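Worksheet: one structure, shown below.
The values are calculated or read from the model by the stated rules, or taken from the named source; none is laboratory data. Computed from a predicted model, the values in this text were never measured in an experiment. For neighbour counting, all protein chains shown are included, and Cβ atoms are generated from backbone atoms with ideal geometry for every residue, glycine included. These area figures cover heavy atoms from the full protein model, side chains too; ligands, DNA and RNA do not enter into them. Shrake-Rupley method; radii C 1.70, N 1.55, O 1.52, S 1.80 Å.
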Amino acid sequence: MNDRSDADTLFDYLGLGEYETTALKGLLTHGRSTAPNLAEATGIPNARIYDVLDELADRGFIKVIPGRPKEFQPKPPEEILDRAVENRQQQFESFRAELDDIRDVFLDTYESTYQAASEDLSPTEELFHVVDVGEPSEAETRTIYRNAQDTLNVMTKSLEYFESIRPALTAATDRGVNIEMLFLHPTHLSEHNAEIQREVLRELRSSFPSVGIRFSEQPLPWRGTLADPSMDYETGIAIVLVEEKDVPLHMRQAAVTENGSFVAGLKRYFDLVWQYESADIDDVVDL
């Protein structure tokens, strides 16, 4: 894929319509323009062009230059990206405020009915629930990262979902959460997965130097993430995927548990491998 195609994928994240995307690309490519000239250059209907440009201006992606006729100028690319982040953060804050407005009513309405409906759950049903591997499991993992207060322990082959959890990882390190990641030794990986692992490790060492990294010398029977376990078995949450070589990844499910005893057991296993059956990163890979 060429550089332009790679860069153009960014527009998918800006939440723009087809005409807004076309107009912004046109301005970034050709520079300041009047609305009629931009409409002619891009094929956007004249009846739509002013609404399209007003939308881009409202989002802070372009500037309106007064005059007769007025002109429209794109913001610098880096400023567009920064503004897109600000817009998304503002949307989230608005969403959270709306939820806060109805939180008490929602809880008063459904908390008691939930408790009554949950009384008949079996011990197994209370122990864990399952989610599909892929975006559902990654979403659960991000939630664990975001809510972790003290510790995060990760067992993984190559952390191939790194980009998916990167913002949550950044937030966790900023909060001072102690994070340890136990990777599978590259001798147990295919060449493809070993290369993915090396790329992720380079980024971790560069951008997340506080994260502890070691390598399991033996194959891992399960992979996953656990947070904030306690040895009194009162707290902790984990998501776990067991090794099933004959089952395609897209057909697997991961187990999520908040059972303090279960999470403490996972933590004990993690610590034993970390201390007695793992190697330091500098002894395994040359980054």
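Tell me, which strands (runs of 3 or more DSSP E) lie completely within the stretch 197-287 with 3 or more residues that are touching a residue at least 12 places away in the same chain (Cβ under 8 Å) and not polar (S, T, N, Q)?
212-216, 222-227, 237-242, 253-257
Which of the residues belonging to the stretch 156-168 are within 14 Å of V211 (Cβ to Cβ) and more than 12 Å from the chain's Cα centre (by Cα)? Before you say what the answer is, go through the steps one by one.
Within the stretch 156-168, the first condition is being within 14 Å of V211 (Cβ to Cβ), and the residues that meet it are 156, 159, 162, 165-166, 168.
Those that are within 14 Å of V211 (Cβ to Cβ) and more than 12 Å from the chain's Cα centre (by Cα): T156, L159.
Which pairs turn up if I take residues in the stretch 13-40 that are free of Cβ contacts under 8 Å to residues at least 24 places away in the same chain and look for partners that are surrounded by fewer than 14 Cβ atoms within 10 Å (Cβ to Cβ) with beta carbon separation below 6 Å, at least 6 apart in sequence or on another chain?
Correct list of pairs: A39/N46.
Pull up the stretch 148-178, narrow it to residues that are touching a strand residue (DSSP E or B) at 6+ places or on another chain (Cβ under 7 Å) and in a helix (DSSP H, G or I), then point me to the one that is surrounded by the most Cβ atoms within 10 Å (Cβ to Cβ).
A172
Given E243, E234, E258, E191, which one is under 22 Å from V133 (Cα atoms) and exposed (fewer than 14 other Cβ atoms within 10 Å of the Cβ)? Give the steps one after another, and end with the answer.
Numbers: E234 fails: under 22 Å from V133 (Cα atoms); E258 fails: exposed (fewer than 14 other Cβ atoms within 10 Å of the Cβ); E191 fails: under 22 Å from V133 (Cα atoms).
Answer to the selection: E243.
What pairs come out if I take residues in the stretch 121-133 that are over 16 Å from T225 (Cβ atoms) and charged (D, E, K, R) and pair them with residues that are modelled with pLDDT of 60 or more and part of a strand (DSSP E or B) whose C-beta lies under 8 Å away, six or more apart or interchain?
Hits for this filter: D132/Q253; D132/A254.
Take the residues of the stretch 32-51 that are among the aliphatic types (A, V, I, L, M) and more than 36 Å from the chain's Cα centre (by Cα): which is nearest to E71 (Cα to Cα)? Spell out how you get there, then give the answer.
Let us first name the residues in the stretch 32-51 that are among the aliphatic types (A, V, I, L, M), namely 35, 38-39, 41, 44, 47, 49.
From the residues that got through so far, the ones that are more than 36 Å from the chain's Cα centre (by Cα) too are 35, 38-39, 41, 47.
On the way: A35: 7, L38: 10, A39: 12, A41: 14, A47: 17 Å.
For the stretch 32-51, the residue satisfying everything is A35.
Between residues in the stretch 41-70 that are at positive phi and open to solvent by less than 40 Å² (accessible area, probe 1.4 Å) and residues that are of a type outside the set (A, V, I, L, M, F, W, C) and part of a helix (DSSP H, G or I), which pairs lie under 6 Å by C-beta distance while being six or more apart or on different chains?
G60/R83
Quick one: count up the residues across the stretch 181-196 that are within 12 Å of I281 (Cβ to Cβ) and either in contact with a His (Cβ under 7 Å, 6 or more places away or on another chain) or assigned to a loop (DSSP other than H, G, I, E, B) (or both).
Selection size over the stretch 181-196: 1.
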